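The values are calculated or read from the model by the stated rules, or taken from the named source; none is laboratory data. Bear in mind that the values here come from a model prediction, so they are computed numbers and not experimental data. Cβ sites come from the backbone with ideal geometry, for glycine too, and all protein chains shown count toward neighbours. Heads up: the accessible areas ignore ligands, DNA and RNA and are worked out on the full protein's heavy atoms, side chains in. Shrake-Rupley method; radii C 1.70, N 1.55, O 1.52, S 1.80 Å.
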Amino acid sequence: MTAGKQGSGIFKKFIIALVVVIVVLLGFTGFNYYLKYFGPNVTDKQEYLYIHTGATFSDVFKTIQDEGIVKDTVSFAWAARNMNYTTRVKPGKYRLHQGLGNRKLINMLASGTQEPVKVEFHGLRLKEQFAGFISKKIEPDSMAIIRLLDSASFVGKYGFTTDNVYTVIMPDSYQMYWNTSPEKFFKRMYDHYEAFWTPERKQLAAAINLTPQEVSILASIVDAEALHDDEMPAVAGLYLNRLKKGMKLEADPTVIFALNDFTIKRVLTRYLSYNSPYNTYLHTGLPPGPIMMPSVNAVKAVLNYQKSDYIYMCAKADFSGYHAFATNVADHLVNAHKFQQALNERNIRR
């Protein structure tokens, strides 16, 4: 074999070896690239990633580090920069799935593809209780919600006062995003309220000379008074009779609300003179706002009240939760005496 042929063979082997090295390097680089983008990275340590309104990529990265959301934070940061996520941070509550790769995780975060929050509530007595409950479901804190409900200029735009605005909150099951602002949350409640108050229901309210807000205020008293839904129309009818006659409602639940003492089981005579616009033993007509969040059934009971001549009622002495109704003082005093005796027998003094 000549020297020329030997040199040519060596060169070919060198070229082949070089090609093999390049292919291996490219394969390694491609595999490494694949792992950084598509390889499983999300852990099972957290079910959700919460990104607060106004958060920067640095905030998100710190949360991911602190909560152990991904196994390899370096590859996540690398992928985030290459996918321009650092300038596309969106707030929200994001569901995490173990084994999710950086690319899918970042696409979800950058597109704001978050899971809706299901919010259900009923029977929350005070605005403060409601705000506290909601703040555990969505991002705004309770003070932000209360400030909005107590803003006369804001609620006035929707036709409410700070006293009656709680009537806009109707018990139901709602879906919304975790990062819903207080203003958008209120709008969600208002839209539901408007959908409930159909022209037919507004006509029923007008027929009893009440606005929708006043219906809900009366419904809150009915709901607090009636332990059983099937008695609500009768209780509503009694209170409407009192309103028509210009009589004071004299509803015990309004006194309890005014005193802000919900441990009271027996409304004593000395409580009845407590000075408050919510004390219907002192003031004629409806109080300025609801005394609790009325149920939908209570609102419907007012609109579809039971017609009667009843103007008095007293809880039954059997503690069944039902009431003994009366059309005159004499019969009412008999019912009241029976109930007071039953309270004394059970040593219920307040």
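Just name the residue that is nearest to residue 258 (Cα to Cα) out of those in the range 98-131 that are assigned to a helix (DSSP H, G or I), over 18 Å from the mean Cα position of the chain (by Cα) and among the polar types (S, T, N, Q).
111
All but one of (1) surrounded by 15 or more Cβ atoms within 10 Å (Cβ to Cβ); (2) of a type in the set (A, V, I, L, M); (3) in a helix (DSSP H, G or I) hold for residue 324; which doesn't?
Checking residue 324 against (1) surrounded by 15 or more Cβ atoms within 10 Å (Cβ to Cβ); (2) of a type in the set (A, V, I, L, M); (3) in a helix (DSSP H, G or I), the one that fails is (3).
If you check residue 8 against the conditions, is it in contact with a Lys or Arg (Cβ under 6 Å, 6 or more places away or on another chain), at pLDDT below 95 and either small (Gly, Ala, Ser) or exposed (fewer than 15 other Cβ atoms within 10 Å of the Cβ) (or both)?
no
Scan (1) of a type in the set (A, V, I, L, M, F, W, C); (2) under 13 Å from the mean Cα position of the chain (by Cα); (3) buried (at least 17 other Cβ atoms within 10 Å of the Cβ) for the single condition residue 205 breaks and write down its number.
(2)
Hey, among the residues in the range 118-143 that are of a type in the set (A, V, I, L, M, F, W, C) and surrounded by fewer than 17 Cβ atoms within 10 Å (Cβ to Cβ), which one's farthest from residue 183 (Cα to Cα)?
So the residue we want is 126.
One residue is enough: does the range 310-321 have a residue meeting the conditions of a type in the set (Ser, Thr, Tyr), more than 20 Å from residue 164 (Cα to Cα) and either in contact with an Asp or Glu (Cβ under 8 Å, 6 or more places away or on another chain) or surrounded by fewer than 16 Cβ atoms within 10 Å (Cβ to Cβ) (or both)?
There is at least one residue in the range 310-321 that is of a type in the set (Ser, Thr, Tyr), more than 20 Å from residue 164 (Cα to Cα) and either in contact with an Asp or Glu (Cβ under 8 Å, 6 or more places away or on another chain) or surrounded by fewer than 16 Cβ atoms within 10 Å (Cβ to Cβ) (or both).
Exactly one condition in (1) farther than 28 Å from residue 304 by Cβ; (2) surrounded by fewer than 17 Cβ atoms within 10 Å (Cβ to Cβ); (3) aromatic (Phe, Trp, Tyr) is not met by residue 178; state its number.
So residue 178 meets the others, but not (2).
Anything in the range 167-185 that is part of a loop (DSSP other than H, G, I, E, B) and more than 21 Å from residue 211 (Cα to Cα)? List them, or say none.
If the condition is that a residue be part of a loop (DSSP other than H, G, I, E, B) and more than 21 Å from residue 211 (Cα to Cα), then 177, 178, 179, 180, 181 are the ones that fit.
Looking at (1) touching an Asp or Glu at 6+ places or on another chain (Cβ under 7 Å); (2) in a helix (DSSP H, G or I); (3) closer than 19 Å to residue 170 by Cα, can you tell me which one residue 294 breaks?
(2)
Specify the residue that is farthest from the chain's Cα centre (by Cα); the eligible residues are those in the range 59-71 that are outside any helix (DSSP H, G or I) and buried (at least 16 other Cβ atoms within 10 Å of the Cβ).
Residue satisfying both the conditions and the ranking: 70.
I'd like to check something: does the range 154-166 contain any residue that is under 20 Å from residue 292 (Cα atoms), in contact with a Pro (Cβ under 7 Å, 6 or more places away or on another chain) and part of a helix (DSSP H, G or I)?
yes
State all residues of the range 75-95 that are open to solvent by 40 Å² or more (accessible area, probe 1.4 Å) and part of a helix (DSSP H, G or I); if no residue qualifies, say none.
Scanning the range 75-95 gives 78, 81, 82, 86, 87.
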